[in-house]
Amino acid sequence: VQLQASGGGLVQAGGSLKLSCAASGLTFSNYNMAWFRQAPGKEREFVSGINWSGGNTYYSGSVKGRFTISKDNAKNTVDLQMNNLKPEDTAVYYCGAEGASASIQVQAKRYEYWGQGTQVTVSS
């Protein structure tokens with residue numbers, strides 16, 4: 001199984017970025033997907049998740065209204081559109097795949113597979 005995250009970069013506060021995660025080696029349509037992030041010295045935290053069908057989404061309070069997650073089961077991709085970025089959004093962003101639950105999980109330990117991470121840096 002491989003999850004390949006891309007799309008990170010450096011952006012000014014108020015700007016936008018779109019992260020993408022391409023999956024291979026798994027039946028993608030059976031998996032709930034999520035984006036987590038980890039800042040230096042901090043634990044990995046849940047950002048947003050989407051269920052296996054793409055019909056249900058969930059966001060952390062800190063990004064709700066600014067970020068949008070989407071899943072394309074035909075292309076085996078999950079995207080995270082990030083708008084109105086803030087310096088506190090600076091972190092390495094990881095995509096994760098979880099196939100054992102009927103609902104979106106917010107604990108990192110529930111996720112079976114992880115991408116390599118992509119750096120997002122927001123300058124003030």
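The values are calculated or read from the model by the stated rules, or taken from the named source; none is laboratory data. Note that this is a predicted model, so its numbers are computed, not measured. Using ideal geometry, Cβ is built from the backbone for each residue, glycine included, and neighbour counts are taken over all protein chains shown. In case anyone asks, the SASA skips ligands and DNA or RNA and just uses the protein heavy atoms, side chains included. Shrake-Rupley method; radii C 1.70, N 1.55, O 1.52, S 1.80 Å.
Inside segment 24-48, can you point out the residues that are more than 24 Å from residue 87 (Cα to Cα), assigned to a loop (DSSP other than H, G, I, E, B), open to solvent by less than 60 Å² (accessible area, probe 1.4 Å) and in contact with a strand residue (DSSP E or B) (Cβ under 6 Å, 6 or more places away or on another chain)? The answer is 31, and nothing else.
Yes/no per residue for (1) open to solvent by 60 Å² or more (accessible area, probe 1.4 Å); (2) out of contact with any helix residue (DSSP H, G or I) (no Cβ under 9 Å at 6 or more places or on another chain):
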| residue | (1), (2) |
| --- | --- |
| 14 | no, yes |
| 19 | no, yes |
| 50 | no, yes |
| 57 | yes, yes |
| 68 | yes, yes |
| 77 | no, no |
| 91 | no, yes |
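Scan segment 1-16 for residues that are under 13 Å from residue 92 (Cα atoms) and either part of a strand (DSSP E or B) or basic (Lys, Arg) (or both) and the total you get is 4. Looking across segment 79-89, the residues that are more than 15 Å from residue 58 (Cα to Cα), open to solvent by 40 Å² or more (accessible area, probe 1.4 Å) and in contact (Cβ under 8 Å) with a residue 40 or more places away in the chain come down to 83, 84, 86, 87.
Taken over segment 93-124, the criterion of being in a loop (DSSP other than H, G, I, E, B), touching a helix residue (DSSP H, G or I) at 6+ places or on another chain (Cβ under 8 Å) and surrounded by 12 or more Cβ atoms within 10 Å (Cβ to Cβ) is satisfied by 99, 101.
So that you can scan it fast, the table gives a plain yes or no per residue for (1) more than 15 Å from the chain's Cα centre (by Cα); (2) within 19 Å of residue 114 (Cα to Cα):
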residue: 4; (1), (2): no, yes
residue: 7; (1), (2): no, yes
residue: 14; (1), (2): yes, no
residue: 24; (1), (2): yes, yes
residue: 35; (1), (2): no, yes
residue: 46; (1), (2): no, yes
residue: 52; (1), (2): no, yes
residue: 55; (1), (2): yes, no
residue: 63; (1), (2): no, no
